[in-house]
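Remarks on the structure that follows.
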Amino acid sequence: MITVRVPLGDRSYDVLVGHGARRELAALLPRSARRAAVVTQAGIPLDVDPGIPFQRFEIGEGEQHKTLATVESLCRGFAGMGLTRNDVVIGVGGGMVTDVAGFAAASWHRGISVVHVSTTLLGMVDAAIGGKTGVNLPAVDGVGGKNLVGAYWQPSGVVCDLDALATLPPRELRCGRGEMAKYHFLTGDDLLAMGEAERIARCVQIKAEVVAGDEREGGRRALLNYGHTLAHALEIETDYQLLHGEAVGVGLIYAAHLAHHLGRIDSARVQQHYDVVGGAYELGTALPVGLAPERLVALMGLDKKVLGDLLTFVLDGPAGVEVVPGVAASDALAALQLMP
């Protein structure tokens, strides 16, 4: 078992990584908890025993269920079971489950404890760590987007039971590698040279270090969005047929082309992105067929803060990956047209 500490003062917590880690769940619960609400989905291949009485709540599968309506339904369930401010919510599942469970916990009684048991590679290396919770806002009259409504709400602990990975289909594993590829460019670490547990723990450690220094994304934490600006637009425009990690892989390639177009990196560095994303991590690197570049630029404008015609991206450059504000929509469009 590998333990990674997320250092946040009196809100610090442990992330447990290893086979059978779910058996340590009870030790991560707050001492005040007398009942637990377990939020999960049908078919999640991991049963948990929190060691206290609990009620199970299943949410729908797919991004179409990652909504305020789902959070409301959960909160009504919490009310029905008499969940108090001293009790705990436990999210068991992938990134969607932990995002929704975390936001419901942040909202119920204005915030109760939450512990996550992550069952996907993507969740283990990214989604379950760091306290960002939220749901999507379905587009109405062209206004909406991914994860636009949410809260920063740190868990009391996170369990990454590697037993769950054996149940994942290859596509889900590739999806997690999209986030791993992001960490490759943030650090330069050769994650693929590590064993499975060490690799996942290193990703957790990288994110923990960033979150500790910038919990609410006022600066350095925004670097964790590398590749995500286009990724979120692709998810929305493909009606989430493109999985998050797959979209991040394409988004990393796009970010490299945009950085090259802006004169921040050379063509050799762009090729390195292809070698890592498409080669080492075996992810797709091309835009899905049939998407309108102008529409993708518009969606990217909704994902990040916009000042007039200017967008903000996380881009590679001479000093490494950094936040780059003030990118013209025309440049964002030109970079899309360089994509395969």
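No lab work stands behind these numbers, since they all come straight from the coordinates. Owing to the predicted nature of the structure, the values given are computational and were not obtained by experimental measurement. Neighbour counts are summed over all protein chains in view; Cβ atoms, including those assigned to glycine, are modelled from backbone coordinates with ideal geometry.
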Any chance you could check the Cα centroid distance between the stretch 82-145 and the stretch 29-47 for me, in angstrom?
13
Calculate the radius of gyration of the Cα atoms of the stretch 2-168 to one decimal place, then report Dmax, the largest Cα-Cα distance, as a whole number, both in Å.
14.8, 48
Semi-axes of the equivalent ellipsoid for the stretch 109-160, Cα gyration tensor, largest first, Å:
24, 15, 7
Protection proxy ranking, peptides 209-215, 119-125, average beta carbon neighbours within 10 Å, highest first
119-125, 209-215
Translational diffusion coefficient of the stretch 184-267 at 25 °C, 0.890 mPa s, Stokes-Einstein with Kirkwood Rh over Cα pairs, in µm²/s as a whole number.
171
Using only the Cα atoms of the stretch 217-336, each taken as one equal point scatterer with no solvent, compute I(q) by the Debye sum, divide by I(0), and report log10 of the ratio at q = 0.17, 0.18 Å⁻¹.
-0.80, -0.91
Where does the charge balance sit around residue 128 when Lys and Arg score +1, Asp and Glu -1, over other residues with C-beta under 12 Å from its C-beta?
-2
Would you be so kind as to identify which of 184, 44, 153 lies farthest towards the positive end of the dipole of the chain, taking Lys and Arg as +1 and Asp and Glu as -1 on Cβ and the Cα centre as origin?
153
Among 253-263, 95-105, 126-136, how do they line up by average Cβ neighbours within 10 Å per residue, starting with the highest?
95-105, 126-136, 253-263
With axes computed from alpha carbons, what is the tilt in degrees of helix 95-107 against the longest principal axis of the chain, rounded to the nearest 10 within 0 to 90?
60
Helix 170-187: angle to the longest alpha-carbon principal axis of the chain, degrees 0 to 90, nearest 10?
70
How big is the chain by Rg and Dmax over its Cα atoms, in Å?
19.5, 59
Counting only residues 5 or more places away or on other chains, whose amide H sits under 5 Å from the amide H of residue 324 once H atoms are built in the peptide plane?
313, 314, 315
Between residue 145 and residues 5 or more places away or on another chain, which pairs have amide H atoms under 5 Å apart, with H built 1.01 Å from N, and which residues are they?
137, 139
For the chain, what is the charge dipole size about the Cα centre, in debye to the nearest 20, if Lys and Arg each add +1 at the Cβ and Asp and Glu each add -1 at the Cβ?
920
Taking the alpha-carbon centre of each part, the distance from the stretch 179-200 to the stretch 222-280 in Å is 17
Folded to 0 to 90 degrees: helix 68-81 orientation relative to the chain principal axis, Cα
10
